[in-house]
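Please treat every number below as a calculation from the coordinates, not as lab data. Source: prediction; values computed, not measured. Quick reminder, even Gly has a Cβ in these numbers, built from the backbone with ideal geometry, and neighbours come from all protein chains shown.
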Amino acid sequence: MQDKILKKVQYIRADGELMPTSERIVRETPLQVIVDGRHFVTSMILAAMEKEYVTGYLYVQGEIKSAANILSIEIKDNIADVRLKEDREKRTISQNIRSGLIVRKEDVFSCVRAILKSPVFKETETVHSAGLFLNGKKAVSITEDLGRHNALDKVIGAGLLKDIDFSRILAASTGRQPAEMILKCRNAGIPIIATKGVPTSMAVELAKKTGITIAGLVRGDTMIVYSHPERVE
C-alpha cells in the first residue's frame, strides 16, 4: 500500500551547504471513473480507498440512493469501471438537514485529534485527513487524501458501505472549509462538521440555511461554533 501512495525521490537539500539526499513524497494518481460505459469524472487522488471514494462521490452527487444501487466497481490501471442497477431510483437530495444529534464539546475535540494522527501526514505533511464518527464518538472511518474534498468523499463512501445513519454522524476534516465541503455534508445528510481550520463566509451562510453545525478552529480545548450551536453542549 505504501508503494502506491508514496514514492522515493532524490533531491538536494540546502542547509548551509548543498547536500544530496532522498525522501518519500506523495504520489498524485489520476482515477478515471466510468459509469455504465460513460466517462463520469477524472479525479487526482491518493491511491487508497478508491472504491470508497467512488461510492462516496456518486452518493453526494445524487447518482445513487444506497450502496445497493451499485452492481460492481472494478478498479484497474487507474480506471474505476462502475456498473449500476438499471432500475435504481435517483436520490432526491434534501435541502435541509434533519437530525436530533447533540454532541459534547469534549467529543468534538477528540474527533479532530483522532484525524490528526495520520502517519502519511507525519512523514510528508502533504495530505488532508477526514473522519466520520457515529454520535460524535465511535470512529466509522478515517482516511487521508491530497484534497480535503476527496478525503471526505472517501469516508462518506465507507459509511455508505457500512450502512451508517448519516443523521447521527459528526464529520471531522482538516483545513479550511469552503462551501463545497458543506454541500457534501448536506448531500450526505451529515449534521455536524468539525475542523482545526476555518470555514469561508459562504460556507457559514450555507450551513445556517441548511441546518449544519460548523465547529471551526478546533485546537486544544477551544473552538468556534459558527452555525447551529444548539448541537454542541
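What separates the Cα centres of the stretch 46-93 and the stretch 176-233 is a distance of 26 Å.
Need one number: % antiparallel among DSSP beta bridges in the chain, to the nearest 5. Approximately 75 percent, going by the DSSP bridge assignments. Think of the stretch 105-231 as having a plus end and a minus end, set by charges on the Cβ of Lys, Arg, Asp and Glu; of P229, P178, A151, P229 sits farthest toward the positive end of this dipole.
In a DSSP loop and with at most 13 other Cβ atoms within 10 Å, the GluC sites (Glu not before Pro) in the stretch 1-35 are E17, E28. Temperature 20 °C, viscosity 1.002 mPa s: under these conditions the Stokes-Einstein estimate for the stretch 105-231, based on its Kirkwood radius over C-alpha pairs, is 153 µm² per second.
When DSSP beta bridges are restricted to pairs lying wholly in the stretch 105-231, around 65% turn out antiparallel. I'd like to know which of Q32, N78, G56 lies farthest towards the positive end of the charge dipole of the stretch 29-84, counting +1 on Cβ of Lys and Arg and -1 on Cβ of Asp and Glu. Final value for the positive-end residue is G56. Only Lys, Arg, Asp and Glu carry charge here, each on its Cβ (+1 for the first two, -1 for the last two); on that basis the chain has a dipole of about 500 debye about its Cα centre. Cα-based radius of gyration for the chain, normalised by 2.2 N^0.38 Å, reads 1.06. Pairs of Cα atoms under 8 Å, at least six residues apart: use those to get the relative contact order of the stretch 105-231, whole percent. The normalised contact order for the stretch 105-231 reaches 20 percent. About its Cα centre, the dipole of the stretch 58-148 is roughly 540 debye, where the only charges are +1 on Lys and Arg Cβ and -1 on Asp and Glu Cβ.
Where the only charges are on Cβ atoms (+1 Lys, Arg; -1 Asp, Glu), what is the dipole of the stretch 29-84 about its Cα centre, to the nearest 20 debye?
It comes to approximately 100 debye.
Here K209 is the anchor, and the lysines within straight C-alpha reach of less than 19 Å, apart from those fewer than 8 places off in the same chain, are K184.
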